[in-house]
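Visitor: Take this structure, written in structure tokens, and hold onto it; I'll ask about it next.
Every number in this text was worked out from the coordinates using simple rules, so none of it is lab data. Every value quoted in this text rests on a predicted model; they were computed, and no experiment measured them. Cβ placement follows ideal geometry from the backbone for every residue including glycine, while neighbour counts extend to all protein chains displayed.
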Amino acid sequence: MSDTAQKIIQKNNFGNVITVVNKRSNELDMNEKADVLVTEIFDTELIGEGVLPTLRDAHRRLLKPNCKVIPSKADVKIQLIESDKLWKMNTFVCDENDTLRYSDEYLNCLGPPTAHEIQIDQLYPHDLKCLSKDTTISTFDFEKPFHYENNSRVVSYKKSINIEANGTVHGILFWWDLVLHEKENIILSMQPKWIENKTLNKITSWRDHWMQAVYYLKAPLNVKQNDILYLTMCHDDYSIWFQAELIATVIPSLERPVCSCNLHMLWPRERFAMLNNKSIGNHFQKLLDICEDDEVKSIFVIGENSLLPLWCAQRYKQINVTYFETSEFSKNIIQSMSSDNYLDNLNVVKDSEKFKNLIPDIVISEPYFSSSLLPWHHLRIWNIFTKLNKKQSTKIYPSKAALKICVVSFKELWKVRAPVCKIENFDLSNFDDLISSALQPIKIEDFGEFESIEPFAVWEFENKKLTPPVSVTEFQFSDPLYKNTKQFTGKIENIKDYHTANGVVIWMDFEVRKDAYWSTGLDSNTQWVNYSKQGVYFLKEPLTSNMMKYDILFKPDENELYFNFS
């Protein structure tokens with residue numbers, strides 16, 4: 001970045017006035033203190049990149065008294081929200097139909113200590129209800145940062161919030177306004193789109209490096225219109241957290257909440273969303289229905305962080321269930337849950353050597369691995385299926401997986417890979433070259449060049465589907481895993497509004513039987529699921545016709561797919 005900055009400075013004829021120093025600011029020595037500091041070390045949670053200790057050091061050693069800092073301050077904004085969809089991405093949600101017993105450490109855990117960063121606009125109004133007006137709860141003054149000099153001490157702010165509507169408070173929506181020029185009232189804001197922009201010079205453009213964040217309550221709070229909620233915001237040098245009560249006399253705890261159940265250390269938010277999803281639950285029930293056979297004496301379950309072996313052992317207590325768990329950490333959790341539910345017929349193993357002599361009647365799996373960055377990485381399950389000892393009559397479920405693609409038009413997301421070119425007449429093409437070099441096509445011998453595919457939670461980004469889902473190929477899990485690289489070619493036709501196309505979304509569907517499958521892409525209502533990320537390919541240039549060709553490689557030794565679209 002330092003080298004690129006110097007190239008940009010030279011190209012724009014500022015080499016004689018701008019000096020680039022390749023150091024952290026707290027390692028910097030200056031002959032003369034500065035009159036003005038311009039900084040951008042902010043994250044979605046504002047202080048997570050260390051702006052407070054960094055500015056304290058700068059004010060001590062690098063800046064003159066009464067210097068100007070740009071931005072000069074930040075206003076922290078909050079709004080109370082109800083969102084069942086988001087809450088199910090935070091913790092276990094048990095209902096009366098759930099047959100498993102979960103110990104209090106799982107049900108009462110305070111959740112992850114970090115905020116949930118999210119493009120909140122995509123949830124409003126269908127999956128989010130605002131229960132209060134937006135309000136400023138605190139202000140960070142970057143020209144006078146010394147009263148935040150806490151190191152280990154926690155600073156707190158209190159605010160009473162008037163409830164505007166009946167509902168359930170699941171969390172606190174959080175964003176910030178950066179004051180760039182106080183006299184001209186120029187403000188850079190992460191404000192959600194549904195809030196009226198009352199400041200003439202408030203800049204609220206779409207961004208993906210900054211967005212909004214949700215801090216969840218320790219438990220949902222039922223509220224009524226005109227109730228008062230007493231909110232406490234705490235922070236140290238790097239973290240922010242909240243506590244909410246309906247009783248003013250409750251003394252808030254200043255301790256930062258941490259996960260006590262270990263699940264939040266192990267499972268991403270998508271995993272909670274998946275396990276709390278009723279359609280996925282129905283899929284697993286149909287998967288278990290297949291085991292309803294008098295001839296079945298042993299069931300083998302494969303997965304990671306999966307509750308499927310617990311459901312299976314609970315339902316078929318007369319059958320021996322062996323669960324191959326790929327994570328040692330998760331193995332301990334599943335064993336603990338098994339003990340809590342008195343499942344004597346469940347044996348949890350991690351060492352693959354221990355199941356080589358097992359010859360089960362049925363093998364079932366939840367094709368999920370926490371290490372999977374992209375949906376097809378779950379095909380790792382096929383490798384495990386292939387290594388199993390099986391009878392000719394052994395049945396494997398899911399029986400197959402389908403690779404699917406869809407051409408889309410993103411309203412904003414395409415910007416994360418679009419060249420910057422010029423900004424305010426400054427030529428930044430060297431920066432574009434840097435990014436482009438990191439995204440060079442992958443050359444695969446005998447097959448040519450293939451492009452990078454990136455994981456995104458597509459449901460968070462406004463988009464329009466320009467084609468129905470296109471099935472590229474199916475992988476039959478009853479067959480052995482391919483030994484050699486497989487190539488799939490084809491074309492996508494009849495792309496609607498093809499001139500607006502700027503991306504291709506890629507995912508996997510896993511099928512148990514024709515009426516039971518789960519998708520890492522689109523649900524039964526053709527909406528993008530929130531329990532899995534999808535793969536996204538960004539078009540390099542606009543389409544000139546309503547047809548696109550694809551060339552896809554599957555390398556079984558790497559468990560990886562490579563793509564080329566033209």
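Visitor: Classify segment 47-154 from the C-alpha gyration tensor, please: rounded if a/c falls under 1.5, else prolate or oblate depending on whether a/b exceeds b/c.
Guide: Note, shape of segment 47-154 comes out prolate.
Visitor: Go through the chain and flag any cysteine with no other cysteine's C-beta closer than 4.7 Å, please.
Guide: Cys67, Cys94, Cys130, Cys234, Cys259, Cys291, Cys312, Cys406, Cys421
Visitor: Could you give me the ³J(HN,Hα) list for segment 368-373, computed from phi with Karplus coefficients 6.51, -1.76, 1.60 and θ = phi - 60°, whole Hz, x at Gly and Pro?
Guide: Once rounded to whole Hz, the list reads 9, 9, 5, 7, 6, 7.
Visitor: Once amide H atoms are placed 1.01 Å from N in the peptide plane, what residues at a sequence separation of 5 or more from Ser138, or on another chain, have their amide H within under 5 Å of its amide H?
Guide: Val76
Visitor: Helix-only mean residue ellipticity at 222 nm, the chain, DSSP H runs n ≥ 4 weighted -39,500 (n - 2.57), per residue, nearest 500. What is it?
Guide: Counting only the DSSP helices, I get -4500 deg cm²/dmol.
Visitor: What Kirkwood hydrodynamic radius, in Å, does segment 400-565 give when the mean of 1/r is taken over all pairs of distinct Cα atoms and then inverted?
Guide: Radius from the Kirkwood sum: 17.4 Å.
Visitor: Let me ask another. Can you list residues whose amide H is under 5 Å from Tyr323's amide H, if they're 5+ apart or on another chain and H is modeled 1.01 Å from N?
Guide: Answer set, sorted by chain and number: Val301, Asn347, Val348, Val349.
Visitor: For segment 171-179, what does the Karplus curve 6.51 cos²θ - 1.76 cosθ + 1.60, with θ = phi - 60°, yield as ³J(HN,Hα) per residue in whole Hz, taken in order and with x for Gly and Pro?
Guide: So the J values, rounded to whole Hz, are x, 10, 7, 10, 7, 9, 10, 9, 8.
Visitor: Straight-line reach from Lys297: which lysines have a Cα under 23 Å away, not including same-chain ones fewer than 8 places off?
Guide: Qualifying lysines at Cα under 23 Å: Lys286, Lys317, Lys350, Lys354, Lys356, Lys387, Lys390, Lys391, Lys395.
Visitor: Continuing with this model, one more query. Could you give me the ³J(HN,Hα) list for segment 384-398, computed from phi with Karplus coefficients 6.51, -1.76, 1.60 and θ = phi - 60°, whole Hz, x at Gly and Pro?
Guide: Whole-Hz 3J(HN,Hα) from phi for segment 384-398: 5, 4, 5, 7, 5, 6, 9, 7, 4, 8, 5, 9, 10, 9, x.
Visitor: Farthest toward the dipole's positive end in segment 287-398, which of Ser370, Ile302, Gln392, given Cβ charges of +1 (Lys, Arg) and -1 (Asp, Glu) about the Cα centre?
Guide: Gln392
Visitor: Oh, and also: Given a cut-off of under 8 Å on Cα pairs at least six residues apart, what relative contact order in percent is computed for the chain?
Guide: Once normalised by length, the contact order is 13 percent.
Visitor: By average Cβ neighbour count within 10 Å, what is the ranking of 325-333, 193-201 from highest down?
Guide: Details: 325-333: 16.9, 193-201: 10.9.
Put in order of decreasing packing, that is 325-333, 193-201.
Visitor: Give the long-range amide H neighbours of Leu110: residues separated by 5 or more places, or on another chain, with amide H under 5 Å away, using H modelled in the peptide plane at 1.01 Å from N.
Guide: Ser260
Visitor: Restricting to Cα pairs below 8 Å that are 6+ residues apart, what does the relative contact order work out to for segment 129-233? Please round to a whole percent.
Guide: 38 percent
Visitor: For the ranges 536-548, 170-182, what's the packing order if you count other beta-carbon atoms within 10 Å of each residue, average per peptide, and put the highest first?
Guide: Top of the packing list down: 170-182, 536-548.
Visitor: Then there is this: Going by C-beta contacts inside 10 Å, put Ile442, Ile384, Ile251 in order with the fewest on the left.
Guide: Final ranking by Cβ density, sparse to dense: Ile251, Ile442, Ile384.
Visitor: Arranged from highest to lowest average of other beta-carbon atoms within 10 Å per residue, in what order do the peptides 431-440, 232-241 appear?
Guide: Most protected by this proxy first, the peptides run 232-241, 431-440.
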